[in-house]
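The values are calculated or read from the model by the stated rules, or taken from the named source; none is laboratory data. What you see is a predicted model; the values in this text were computed from it and never measured. Neighbour counts run over all protein chains shown; Cβ positions are idealised from the backbone, glycine included.
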Amino acid sequence: MTDLDLSGKVALLTGASGGIGRALGGRLIAAGVKTAFAYSAHPDAAEQLAAEAQDAGVAAVALAGDLADPAVPERLLREAADALGGPVDILIANAGHALQQDYTDLDLEAWDRTLAINLRAPFLLAQQALPGMAERGFGRVLFMSSAAAFTGGIVGADYAASKAGLHGLTHFLAPRVASRGVTVNALAPTLIADTAMLPRNADPRALPVGRFGRPEEVADMALAVLRNGYLTNQVLSLDGGAHPR
Ligand SMILES: NC(=O)c1ccc[n+]([C@@H]2O[C@H](COP(=O)([O-])OP(=O)(O)OC[C@H]3O[C@@H](n4cnc5c(N)ncnc54)[C@H](OP(=O)(O)O)[C@@H]3O)[C@@H](O)[C@H]2O)c1
């Protein structure tokens with residue numbers, strides 16, 4: 001058995017109120033991970049996850065915060081540690097913002113907001129969480145990217161660029177903490193059903209598997225990444241065969 005037992009670890013999951021976040025939250029609860037479920041505009045789904053965890057005897061909390069605000073990452077990490085009895089061992093930067101807009105219509109404000117939520121916030125979270133993880137000899141950072149980082153995708157120039165930035169971040173950070181029991185990886189899914197982010201013009205027939213992905217399939221892969229101490233500095237695609245690399 002090489003899979004790491006994650007029970008009792010402390011996690012911060014951003015975007016817990018979304019489609020993929022909900023599935024990820026369920027897997028973390030099942031694994032016994034004490035989790036702070038972070039949300040922005042939709043408290044219900046995150047609070048429901050926290051209640052499900054508590055019913056299962058796993059400590060949990062729902063935390064509000066707009067990740068466009070650069071003060072929020074530090075506050076979420078602090079509040080998660082306070083509520084769950086210890087610093088964050090597992091950071092899943094899953095929250096994402098997508099505005100479907102042609103590049104010719106994209107104004108400065110929209111560009112800055114996407115980059116702030118999708119790239120700056122994950123960096124600030126990792127910047128603050130990683131030194132403590134390295135000191136304690138264990139940590140996991142997982143960024144939620146997108147196949148759009150490779151292909152350009154169909155959402156927007158700001159979205160594709162922000163997700164590609166996460167790959168650079170992964171490759172910069174991972175080697176700096178690799179010898180300290182800390183892994184840094186990114187997952188790059190595409191076209192996941194039951195999420196608010198599934199682009200309205202997406203066509204499952206364009207995918208080799210002929211269907212959209214399921215949030216549970218993303219969550220299963222995320223848990224496999226979190227359990228594996230030898231996997232680091234990688235961007236893993238989960239795209240129904242759309243983009244072989
Ligand atoms: N669905 C897909 O096809 C797909 C494909 C590739 C990658 N992804 C990535 O997967 C991740 C999860 O998205 P999803 O598919 O689950 O979509 P979703 O259902 O729209 O969820 C998005 C999540 O991000 C949170 N969020 C958005 N803006 C935020 C902000 N300013 N501050 C804090 N949280 C914010 C939302 O919180 P509130 O709702 O509470 O505001 C929600 O929990 C994203 O990073 C997305 O880019 C999704």
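Return only the number of the condition from (1) surrounded by 23 or more Cβ atoms within 10 Å (Cβ to Cβ); (2) more than 12 Å from the ligand (Cβ to nearest atom); (3) not in a strand (DSSP E or B) that T114 does not satisfy.
It is condition (2) that T114 fails.
Could you tell me whether any residue of segment 99-109 is over 19 Å from the mean Cα position of the chain (by Cα), at pLDDT 95 or above, more than 9 Å from the ligand (Cβ to nearest atom) and among the β-branched types (V, I, T)?
yes
Pick out, from segment 128-245, the helices (runs of 4 or more DSSP H) lying fully within it that include 1 or more residues that are in contact with a Gly (Cβ under 6 Å, 6 or more places away or on another chain) and of a type outside the set (K, R).
Because the criterion is at least 1 residues that are in contact with a Gly (Cβ under 6 Å, 6 or more places away or on another chain) and of a type outside the set (K, R), the helices (runs of 4 or more DSSP H) in segment 128-245 that meet it are 157-177, 215-227.
Would you be able to tell me the number of residues in segment 182-209 that are near the ligand (Cβ under 7 Å from one of its atoms) and of a type in the set (V, I, T)?
Total satisfying the criteria: 3.
Restricting attention to segment 12-38, which residues are basic (K, R) and either surrounded by fewer than 20 Cβ atoms within 10 Å (Cβ to Cβ) or more than 13 Å from the chain's Cα centre (by Cα) (or both)?
Hits for segment 12-38 are R27, K34.
Among the residues in segment 199-209, are any surrounded by 17 or more Cβ atoms within 10 Å (Cβ to Cβ), in contact with a Lys or Arg (Cβ under 9 Å, 6 or more places away or on another chain) and more than 28 Å from A31 (Cα to Cα)?
no
G86 versus (1) in a loop (DSSP other than H, G, I, E, B); (2) within 14 Å of the ligand (Cβ to nearest atom); (3) under 29 Å from N228 (Cβ atoms): which is the lone unmet condition?
(2)
Which one is nearest to S145 (Cα to Cα) among residues in segment 194-215 that are of a type in the set (D, E, K, R) and modelled with pLDDT of 90 or more?
Of everything passing the filter in segment 194-215, R214 is nearest to S145 (Cα to Cα).
Taking the conditions exactly as written (among the polar types (S, T, N, Q) and surrounded by 16 or more Cβ atoms within 10 Å (Cβ to Cβ)), does T151 satisfy them or not?
Here the answer is no, as T151 does not meet what is asked.
Within segment 30-37, is even one residue within 12 Å of the ligand (Cβ to nearest atom) and either touching a residue at least 24 places away in the same chain (Cβ under 8 Å) or touching a Gly at 6+ places or on another chain (Cβ under 9 Å) (or both)?
Among the residues of segment 30-37, at least one is within 12 Å of the ligand (Cβ to nearest atom) and either touching a residue at least 24 places away in the same chain (Cβ under 8 Å) or touching a Gly at 6+ places or on another chain (Cβ under 9 Å) (or both), which makes the answer yes.
May I ask you to say which residue of A56, A51, A71, A41 is within 8 Å of the ligand (Cβ to nearest atom) and surrounded by fewer than 21 Cβ atoms within 10 Å (Cβ to Cβ)?
Result of the check over A56, A51, A71, A41: A41.
Can A95 be described as in a helix (DSSP H, G or I) and touching a helix residue (DSSP H, G or I) at 6+ places or on another chain (Cβ under 9 Å)?
Here the answer is no, as A95 does not meet what is asked.
Could you tell me which numbered condition R22 fails, if it satisfies all but one of (1) out of contact with any strand residue (DSSP E or B) (no Cβ under 9 Å at 6 or more places or on another chain); (2) in a loop (DSSP other than H, G, I, E, B); (3) closer than 14 Å to L223 by Cα?
(2)
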